[in-house]
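The values are calculated or read from the model by the stated rules, or taken from the named source; none is laboratory data. Owing to the predicted nature of the structure, the values given are computational and were not obtained by experimental measurement. No Cβ is skipped: glycine too gets one built from the backbone with ideal geometry, and neighbour counts run over all protein chains shown. Each accessible area value is taken on the protein alone, full model and side chains, heavy atoms only, with ligands, DNA and RNA left out. Shrake-Rupley method; radii C 1.70, N 1.55, O 1.52, S 1.80 Å.
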Amino acid sequence: MATGLTAPARAGYLDALARAAAGVRAANLPPSTLAAARDVVLDTLGAIVAGSRLPENGRLAQLAAARSGSRTATLIGHAARAEPMLAALANGTAGVALEVDEGNRWGGGHPAIHVLPAALAVAEERGASGAELIEAVVAGYEVTSRLGGATTTRPNVHSHGTWGTAGAAVAVARLSGHDAVGLRDVINLAVSMSPANTWTPCFEGATIRNLYPGRAGLQGILAVHLLGCGYTPVADAPADVYGTILGEAFDPEAAVAGLGHEPCRIEQNYFKFHACCLYNHPALDAVHALRGAERFTAEDVSRVEVASVPFVTRMADPDPPAMLAAKFSLPHAVAAAIVLGRSDVAAFSEPALRDPRVRALARRVAVAGDPGMSMRARDGAQAAVRVTLRDGRTLERTTAVVRGDAANPSGREALVAKFLGLAAEVLGGERAREVVTRVAGLESLEDVRELSALLRP
């Protein structure tokens, strides 16, 4: 099956990754890859537009514009522009703030929010075509996901911002005309600048965590500039950084396994239909299914028990202190879904956090980890939910792959509806629908600025 990516050779995994990234051509990509790339771009833009409305993100955009000399890149959701590194910082930060950005179960965490802001900012500056932007995004996404999947991460290392730096750098290097040799060098340069980020801010609700992808985009662009300045990289930065500092091990063979023989990683992603950490999603799918089938209310519930992947035991705080922390609280997410009947952005807002019904039910949600469950399971259970009602009845539901995953797709209509729901309030309905139209024909755009001009209100 042709994927547009060259197969790995015996010359080394970095050579194989670099050649694969250099060989991506929009004209040779299968229709499924092009469709996936367009969907990922649209979804990521929606996340950025919506996140741009948070007050701290508005002030960061103002800072980016004020500190810029040449203002060639759009600050999405704002009237101002900035130089590309600062635009990538602001846009990447906004895009992760509401926890609605896509991700990849097979590695890389959330590749697109690291890759697209940097790629779009540089593509604007260079007047690149839509096809060139797609090539950059597909190449950067592939590298990010594969490096992440090859890393056995240390327990408290958060994947945001780590290998995303390399993916952003690859995308920008592609737009800048570098060949495979340059791409290998820029991967190593970027990896040596990988931020060391932890999960702690997520649980405490500290929004410094939202800077993780923004910093990755900034440093990805910087890595390409450093290459042009003559800075030299180590020979194997991923093994050096991910194998000894941010990870407990790094497997070069895993980084290229299936390269050229399986669909591109951008086709193996997931889209979020709950505005929170992915580890909540299997349980939320189960809760919504139970509510739809049984029609019970929060007042009917005596207790909720959730068993899911072992990581959820770190997400068991029933009284999260802030919006971000609520997105990493399984008890809050489940309680809000039952009380409010929703798990969108509003379910994690301040009114939901203060709702006494949500707070009371969250304290009756018990969370347990099951070592037999994994988010990387292809068809096994990822969560089991048991709801005990006050009348003595017990309702149970087990879910496997979450809705929105490539293995359980939601359909493009749902993605478009999600985008419009996130973007219309900021851009206006007509302009938001025009963005959908432009992204649908992205590979045909002569200049990406035809799209980016629509991303300002």
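When we screen Pro111, Pro55, Pro84, Pro117 for residues that are out of contact with any helix residue (DSSP H, G or I) (no Cβ under 7 Å at 6 or more places or on another chain) and either crowded, with 24+ Cβ neighbours inside 10 Å or modelled with pLDDT of 95 or more (or both), the only hit is Pro55.
When region 249-284 is filtered for residues that are open to solvent by 30 Å² or more (accessible area, probe 1.4 Å), in a helix (DSSP H, G or I) and of a type in the set (A, V, I, L, M), only Ala254 remains. Taken over region 328-351, the residue count meeting the criterion of being open to solvent by less than 20 Å² (accessible area, probe 1.4 Å) and under 21 Å from the mean Cα position of the chain (by Cα) is 7. Remark: pairs (first residue in region 261-279, touching a residue at least 60 places away in the same chain (Cβ under 8 Å) and closer than 27 Å to Pro310 by Cβ; second residue open to solvent by less than 20 Å² (accessible area, probe 1.4 Å) and basic (Lys, Arg); Cβ separation under 6 Å; 6+ apart in sequence or on different chains) = Cys276/Lys327; Cys277/Lys327.
Residue count for region 191-224, restricted to those that are in contact with a Lys or Arg (Cβ under 8 Å, 6 or more places away or on another chain) and either without any contact (Cβ under 8 Å) to a residue 12 or more places away in the chain or outside any helix (DSSP H, G or I) (or both): 3.
The set of residues in region 285-328 that are part of a loop (DSSP other than H, G, I, E, B) and in contact (Cβ under 8 Å) with a residue 60 or more places away in the chain comprises Phe296, Val309, Asp317, Pro320, Pro321, Ala322, Lys327, Phe328. Within region 27-47, the set of residues being in contact with a Ser or Thr (Cβ under 9 Å, 6 or more places away or on another chain) and either more than 20 Å from Arg174 (Cα to Cα) or aliphatic (A, V, I, L, M) (or both) comprises just one member, Leu29.
Could you tell me whether Pro31 is under 30 Å from Arg456 (Cβ atoms), over 18 Å from the mean Cα position of the chain (by Cα) and open to solvent by 10 Å² or more (accessible area, probe 1.4 Å)? Judged against the criteria, Pro31 is not a match. Would you call Ala384 surrounded by fewer than 17 Cβ atoms within 10 Å (Cβ to Cβ) and assigned to a strand (DSSP E or B)? Criteria not met by Ala384. Quick check on region 447-455. Is at least one of its residues open to solvent by 60 Å² or more (accessible area, probe 1.4 Å) and either in contact with a Cys (Cβ under 8 Å, 6 or more places away or on another chain) or not in a helix (DSSP H, G or I) (or both)? No - not one qualifying residue is present in region 447-455. Annotation note: Cβ proximity below 7 Å between a residue of region 336-353 that is under 15 Å from Cys277 (Cα atoms) and a residue that is buried (at least 18 other Cβ atoms within 10 Å of the Cβ) and of a type in the set (Lys, Arg) (sequence gap 6+ or interchain) occurs for Phe348/Lys327. Out of curiosity, is Ala90 at pLDDT 95 or above, in a helix (DSSP H, G or I), in contact with a Lys or Arg (Cβ under 7 Å, 6 or more places away or on another chain) and open to solvent by less than 20 Å² (accessible area, probe 1.4 Å)? For Ala90, the condition - at pLDDT 95 or above, in a helix (DSSP H, G or I), in contact with a Lys or Arg (Cβ under 7 Å, 6 or more places away or on another chain) and open to solvent by less than 20 Å² (accessible area, probe 1.4 Å) - is not met. Is it true that Glu99 is charged (D, E, K, R), under 18 Å from the mean Cα position of the chain (by Cα), over 21 Å from Ala255 (Cβ atoms) and open to solvent by less than 10 Å² (accessible area, probe 1.4 Å)? Yes. Of the numbered criteria (1) open to solvent by 20 Å² or more (accessible area, probe 1.4 Å); (2) over 30 Å from Ala423 (Cα atoms), the one Arg354 fails is (2). Against the test of being surrounded by fewer than 24 Cβ atoms within 10 Å (Cβ to Cβ), under 18 Å from the mean Cα position of the chain (by Cα), hydroxyl-bearing (Ser, Thr, Tyr) and within 29 Å of Tyr279 (Cα to Cα), the options Thr153, Thr162, Thr200 yield a single qualifying residue, Thr153.
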